[in-house]
1. Condition check: open to solvent by 20 Å² or more (accessible area, probe 1.4 Å) and in contact with a helix residue (DSSP H, G or I) (Cβ under 7 Å, 6 or more places away or on another chain). Does residue 257 satisfy that?
2. So is residue 499 open to solvent by 20 Å² or more (accessible area, probe 1.4 Å), touching a Gly at 6+ places or on another chain (Cβ under 7 Å), within 11 Å of the ligand (Cβ to nearest atom) and not basic (Lys, Arg) or not?
3. Could you list, in sequence order, all residues of region 409-422 that are touching a helix residue (DSSP H, G or I) at 6+ places or on another chain (Cβ under 7 Å) and open to solvent by 10 Å² or more (accessible area, probe 1.4 Å)?
4. Looking at region 264-311, which of its residues are in a loop (DSSP other than H, G, I, E, B), in contact (Cβ under 8 Å) with a residue 12 or more places away in the chain and closer than 23 Å to residue 185 by Cβ?
5. Does residue 268 satisfy being under 30 Å from residue 360 (Cα atoms), at pLDDT 95 or above and buried (at least 24 other Cβ atoms within 10 Å of the Cβ)?
6. Give the residue that is nearest to the ligand (Cβ to nearest atom), with candidates limited to residues of region 368-387 that are open to solvent by 30 Å² or more (accessible area, probe 1.4 Å) and not charged (D, E, K, R).
7. Going residue by residue through region 430-449, is there one that turns out to be more than 28 Å from residue 44 (Cβ to Cβ) and either surrounded by 17 or more Cβ atoms within 10 Å (Cβ to Cβ) or more than 13 Å from the ligand (Cβ to nearest atom) (or both)?
8. Got a number for residues in region 68-108 being within 18 Å of the chain's Cα centre (by Cα), surrounded by fewer than 24 Cβ atoms within 10 Å (Cβ to Cβ) and touching a residue at least 60 places away in the same chain (Cβ under 8 Å)?
Amino acid sequence: MSNLMSGAKMLLECLVREGVDCIFGYPGGVTLPLYDALYDHPLRHVLVRHEQNAAFAAEGYARATGRVGVCCATSGPGSTNLVTGLVNAMMDSIPLVALTGQVHSKLIGSDAFQEADTFGISRSCTKHNYLVKSISDLPGILHEAFYIAATGRPGPVLVDIPKDVFQAQGHYAPVSSIHLPGYKVYTEGHTGQIRRAAQMIWEAQRPFVYAGGGIISSGASEELRQFVEFVDVPAVCTLMGLGALPSRHPNFISMPGMHGSYAANMGMSRCDLLIALGVRFDDRVTGLLSAFAAHAKVIHVDIDPAEIGKNRVPDLPIVGDARRVLGKILKVLQELAPAEAPRNAAPRKAWWRQIRAWQQEHPLLPAISSSEIKPQHLVAEIDRISNGRAVVTSDVGQHQMWACQFIRFDEPRLWISSGGLGSMGFGLPAAVGAQFARPDKLVFALVGDGGFQMSIPELATIASHALPIKIVIMNNGYLGMVRQWQDLFYNNRLCGVELECFPDIEKLGAAYGIPGRVIRRPEELSPALNEAVREPGPYLLSVKVSPFENVYPMVPSGAAVSEMVLGPPQPVAVPK
Ligand SMILES: Cc1ncc(C[n+]2csc(CCOP(=O)(O)OP(=O)(O)O)c2C)c(N)n1
C-alpha cells in the first residue's frame, strides 16, 4: 500500500499517531492546504475566535488532561497572535505543540504578504522551535516536537510549516524512536542525594513542604500524599500546584506567598527544612528573597537543572522527576524510620502545635455581608457547589487570588489559571479547552469583568459547541487588582482602572443564545449559581460584588513574606 501523501495529510497522520483528538485553531491563506486535508479527516478542529485563544484553549486542554495540547494558526498575524499563549505555556510549563503556517519557502525573507519571522519571534518563548524546510523532515520534526513538549520540564514547541511543504508529496514513514543527543532528561535523581534528603528530613525539627506545579506535571500527587503522611509534615501548594495535595488533607495549609495565608507564610519563614518539590521560588511566593526561609536548609527537587539555584541556592539539589524522586525518598525514609523517626518526635509535635496556632490566630475566612455580595462570598459559593470536584479556570486579578484562597480541589488538574505570566483573558478560552478535554466535568470559568472583556469573542466558540461552561463574572466595576495597588501604594489615586460601559450581560448572552443574568444581592447568589449549574448548556452570570474590597493577607511587593499585611488599615482613634 502506498503511503505517498501531501505534507498536510502527513501532519494529520502524525497528530493521530501522537494520540491527538482535538486541535484548536484559526485558518488563513497559507494553512489552506491543511484545512483542505482536515475537511474529511476525523480529527476534531475547534475554530476559536482569536489565535491567542487557540493557544489558551490548548493549554486548558493540556492542563486538564496532562496530554500535549495542540493549536494552529496561519502565518503573519495568526502566528504573532499566538505569542502570549506561547509565553504563558513557557512560564507555566504546559506541554503544547503550536503549528503555524509560513509563506512559500521561495518567498521567505522577501517581506511577502503575511510573512513574519515566526521562527525568530518564537525562539525566546518556546522550549524548542522548528522551521520545516522539506517534506522529508516533516514527520521527524513533528514527532520530536511532541516528545520535547511532553518530556522533562514540559513546555511549548512551535513548528513553522511553509505552504509548499503542506502541498508537497512525500512518503510517510512512522518514527519509532527519537534520538536527540543534545537533549537529556534526568528523571531518577542521584541515589546518594536521595539518601541524604531522607536523612535531612528525619533530622529536621521544623520541616515544611513547598509543592508546586511540578508535582502535577509529573503525576506525583499520590507520592506527595504518602510522603506528607509518612513524615507528618505540613505542606503548602503554590498557585500552580493547587490540588497536588487535596485541599481537605489535614496536612495542607494553603497557598503561600503574596496572598497566601498567615500560617503558610509563617511556616515558610520559620521552618528549619524547606522541602521544595517542583517549584521555582517565584518572587510572588518568596517575597524578599534574602529573607525567605532564612533559617532553613533547602532540599530542591526539580526536573529542570536550570531551576536549581536560580533564585535560592539549595543545600541539597536533586535533579529528577518529582514522582520518581519522591517515591525513592519515601523508601529510604521508611528504611530509616525505626532508628530516626523518634529522634525529633517532640519538636515536631511542637512545630505542628505552632502551625495550628497560626492557623487559628489568623484563619483564611471568606468575608460575607447581608447587604452586598462580597467577592469572597461568591468564591465560597462556587466552592460549595464544586465541593472539590469541579474544574475551575480563572483570569488574573483579585478573583484569581480569592479563588486560590477559598476554592478547594480534591485532585490535581482541576484548577487551571495563568500563573507565571498572569495573563488576563486566559480563563474563558482555557475553560473551552478544559471542557473539550473533560466533557464529564462541571467547568466554571471564573473571570474578572476586565479579563472577560478580553475574551468575549470566545462566547461564539462556547455557543457553537454548546459547551456547558458556567461563566461567572466577578463584576466589581474595576480592574480590581490594579485598583487595589493604586489604593494601597498610590494614595488611592485611581487612574485607568474604572470599567465604565460594561455590556448588558442578558443582552450579550442572548446575542449568542446563551442564558445570562445579573445579580446584586447576597440572597440571590446561591440560587443563581444553582440555576447556572442546572442549565444543561453554557450560562453567563454577572455577579455585582462590592467594588472596593481588597485581597488580604497581602505581602507588599519587595517585603519579606513574614511582613504580610493581614487586613485593611484600621481607622486610628482620634484622641479627644
Ligand atoms: C493581558 C494583561 N494585561 C494587563 C494585566 C495587568 N493586570 C493584572 S490584574 C489586572 C486587573 C484585572 O481586572 P479584572 O479582570 O476585572 O479582575 P479583578 O482584579 O477585578 O478580579 C490587570 C489589568 C494583565 N495581568 N494581563
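1. Details: open to solvent by 20 Å² or more (accessible area, probe 1.4 Å): no; in contact with a helix residue (DSSP H, G or I) (Cβ under 7 Å, 6 or more places away or on another chain): yes.
So residue 257 does not fit the description; no.
2. yes
3. Just the residues of region 409-422 that are touching a helix residue (DSSP H, G or I) at 6+ places or on another chain (Cβ under 7 Å), to begin with: 412-413, 416-421.
Those that are touching a helix residue (DSSP H, G or I) at 6+ places or on another chain (Cβ under 7 Å) and open to solvent by 10 Å² or more (accessible area, probe 1.4 Å): 412, 413, 419, 420, 421.
4. Taking region 264-311 first, the residues in a loop (DSSP other than H, G, I, E, B) are 271-272, 278-282, 288, 292-296, 303-304, 308-311.
Next, only the ones that are in contact (Cβ under 8 Å) with a residue 12 or more places away in the chain stay: 271-272, 278-282, 288, 292-296, 303-304, 310-311.
Hits for region 264-311 are 278, 279, 280, 281, 282, 303, 304, 310, 311.
5. Details: under 30 Å from residue 360 (Cα atoms): yes; at pLDDT 95 or above: yes; buried (at least 24 other Cβ atoms within 10 Å of the Cβ): yes.
Criteria met by residue 268.
6. Applying the first criterion (open to solvent by 30 Å² or more (accessible area, probe 1.4 Å)) to region 368-387 yields 368, 370-372, 374, 384-385, 387.
Next, only the ones that are not charged (D, E, K, R) stay: 368, 370-371, 385, 387.
Values: 368: 18, 370: 23, 371: 20, 385: 19, 387: 23 Å.
Applying the filter and picking the extreme gives 368.
7. Just the residues of region 430-449 that are more than 28 Å from residue 44 (Cβ to Cβ), to begin with: 448-449.
Narrowing further to those that are either surrounded by 17 or more Cβ atoms within 10 Å (Cβ to Cβ) or more than 13 Å from the ligand (Cβ to nearest atom) (or both): 448-449.
Yes.
8. Of the residues in region 68-108, the ones within 18 Å of the chain's Cα centre (by Cα) are 68-71, 82-98.
Subsequent filtering for residues that are surrounded by fewer than 24 Cβ atoms within 10 Å (Cβ to Cβ) retains 83-84, 87, 90-91.
Those left that are additionally touching a residue at least 60 places away in the same chain (Cβ under 8 Å): 84, 87, 90-91.
Count: 4.
The values are calculated or read from the model by the stated rules, or taken from the named source; none is laboratory data. Everything quoted here is computed from the prediction, not taken from an experiment. Every residue, glycine as well, gets a Cβ built from its backbone with ideal geometry; the counts of neighbours run over all protein chains shown. The area values use the complete protein model at the heavy-atom level, side chains included, leaving out ligands, DNA and RNA. Shrake-Rupley method; radii C 1.70, N 1.55, O 1.52, S 1.80 Å.
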